[in-house]
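Right, one structure below, let's go through it.
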Amino acid sequence: SLVDDPSGDDSLSLEEQDRERQRLFGILERLVKWENSNNPDVLAAARAEIDRCFPDGPPPILDPFGGGGAIPLEAQRLGLTALSGDLNPVAVLIQKAMIEIPPRFAGRPPVHADIDTDLTTWQRAQGLAADVEAYGQWMRDEAERRIGHLYPDATGPNGEKLTPIAWIWARTVESPDPTWNGHVPLVASWTLSNKKGKPKVWIEPVINRATQTITYEIRTGGEPSHERTVDRGNGTCIATGSAIPGDYIKAQSRSGLMGQQLIAVVGEGQSGRGYYTPSDRDSEAAHSGEPPWKPEGRNPEKLTGGTVFIYGLDEWWKLFTPRQLTALTTFSDLLSEVRERVIADAAAS
Ligand SMILES: C[S@@+](CC[C@H](N)C(=O)[O-])C[C@H]1O[C@@H](n2cnc3c(N)ncnc32)[C@H](O)[C@@H]1O
């Protein structure tokens, strides 16, 4: 440890050792409080103890399995040089964002020209944080301007405004049963929400035999009216009950004959989260988007345990809807653009 327990100090009686131990515990108790994260007095008290034990300066700390970076961050807070890594590149990215980059900007003002603040001096990473917020806001606003029309707001069952946050899709195939003319959904669960103490929310497929069409309604309370229609790759025709063999589903998909149908939308409004039946406008918007670019190249056969390649989803772009590709391309374009803006603003500041 950095600071030894006083039991090793023979010059102290047992009572004195215990008093010293309680004093050190007191520092720890103040140090672990969230509200003391940046309290200079508490940090100075802890650093003084480390300095007492390492008169020539404390050793650096190395955490090769750093994960989210809590250990190197704490070490840095205590004034130690912290080195960390991880097998997972996402963990390394988080570590860079938390531990490596902020200290480089310590005490520096933001470079964005239009920051709304009362601060006149910039401590620690406050300037960097203000920049991240301001440029992040620009990216958000610009994304809304460029692709917001692809994500229309919706009106909930009681006329309230809802912002869609998730779209529930069903893959569909042509029913192999000759008595049903059209696509049928492959759905592993009709339940949308199953929270303790609240009525279940589920999707009811409404089968119109006269027109041989299926529409979807959201129901609250009771149990789903239908069993799942796909299980371990094998399907059941919801309209006729006929089996849909897994090989038939894969062959349809590989031939580009699998469809997708929006069956529910999750929206957030003033009264919380709600589920609603997609309108024609929702379906049109979900199918819209013309990405200017798509990620080409074959994906690995073992991707997600081999569950996509066998369905003919053998290139990266096939894993996304055009609207998803449009959104991803927009954000990646904005990232390059915001970089140029930051460089120009920094040069001018
Ligand atoms: C339990 S987490 C670490 C949590 C971290 N101490 C914290 O407080 O946030 C363990 C980490 O070790 C990483 N890991 C596992 N095997 C590894 C290896 N062979 N080399 C490097 N990192 C590895 C994992 O990716 C994971 O992020």
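Once the chain from Glu290 to Ala188 is taken as fully extended at 0.36 nm per residue, the excess over their C-alpha distance is 33.8 nm. Taking a straight Cα-Cα cut-off under 12 Å and skipping sequence neighbours fewer than 8 places away in the same chain, the aspartates and glutamates within cross-link reach of Lys318 are Glu296. Between Arg104 and Gln137, residue separation times 0.36 nm minus the direct Cα-Cα distance comes to 9.6 nm. The slack between Ala251 and Leu93, meaning 0.36 nm per residue of separation minus the straight C-alpha distance, is 52.9 nm. With the convex hull drawn over the C-alpha atoms of segment 76-174, the volume per residue is 234 Å³. For segment 29-79, the Kirkwood hydrodynamic radius from C-alpha pairs, put into Stokes-Einstein at 37 °C and a viscosity of 0.692 mPa s, yields a diffusion coefficient of 275 µm² per second. What value does segment 153-287 have for Rg/Rh, both radii from Cα atoms and Rh as Kirkwood defines it? Rounded to two decimals, Rg/Rh equals 0.99. At a Förster distance of 41 Å, what's the computed FRET efficiency of Lys198 paired with Asp114, Cβ-Cβ distance as r, to 0.05? Efficiency computed from Cβ-Cβ geometry: 0.35.
Of the solvent-accessible surface of segment 6-104, computed with a 1.4 Å probe and all protein chains present, 62% belongs to carbon and sulfur.
Under 19 Å Cα to Cα from Lys96, which aspartates and glutamates show up? Leave out anything in the same chain fewer than 8 places away. The reachable aspartates and glutamates, counting only those whose Cα sits under 19 Å from Lys96, are Asp63, Glu74, Asp86, Asp131, Glu133. Across the alpha-carbon atoms of the chain, the computed radius of gyration and Dmax are 29.0, 95 angstrom. Could you list the chymotrypsin sites (Phe, Trp or Tyr not before Pro) in segment 50-158 that lie in coil according to DSSP, counting only those with at most 15 other Cβ atoms within 10 Å of their Cβ? The qualifying sites are Phe65.
If you wrap the tightest convex hull around every Cα atom of segment 1-107 and split its volume per residue, you get 118 Å³.
Using the 1.4 Å probe convention, the accessible area of the chain works out to 63 Å² per residue with neighbouring protein chains retained.
Protein heavy-atom surface of segment 153-287, 1.4 angstrom probe: 46% of the accessible area is carbon and sulfur, with nucleic acids and ligands not counted. Loop-resident GluC sites (Glu not before Pro) (DSSP state other than H, G, I, E or B) in segment 119-218 with no more than 15 further Cβ atoms inside 10 Å of their Cβ: Glu160.
Listed values for segment 190-204 are Karplus-derived 3J(HN,Hα) couplings in whole Hz (6.51 cos²θ - 1.76 cosθ + 1.60, θ = phi - 60°), namely 8, 7, 9, 8, 9, 9, 4, x, 10, x, 5, 10, 8, 9, 9, and x replaces Gly and Pro.
In summary, the aspartates and glutamates within cross-link reach of Lys294, defined as a Cα separation below 15 angstrom excluding same-chain residues under 8 places away, comprise Asp314, Glu315, Asp333.
The values are calculated or read from the model by the stated rules, or taken from the named source; none is laboratory data. In this text, all values refer to a predicted model and were calculated from it rather than measured experimentally. Positions of Cβ are generated from backbone atoms using ideal geometry, with glycine treated the same way; all protein chains shown enter the neighbour counts. Side chains included, ligands, DNA and RNA excluded: accessible areas come from the protein's heavy atoms. Shrake-Rupley method; radii C 1.70, N 1.55, O 1.52, S 1.80 Å.
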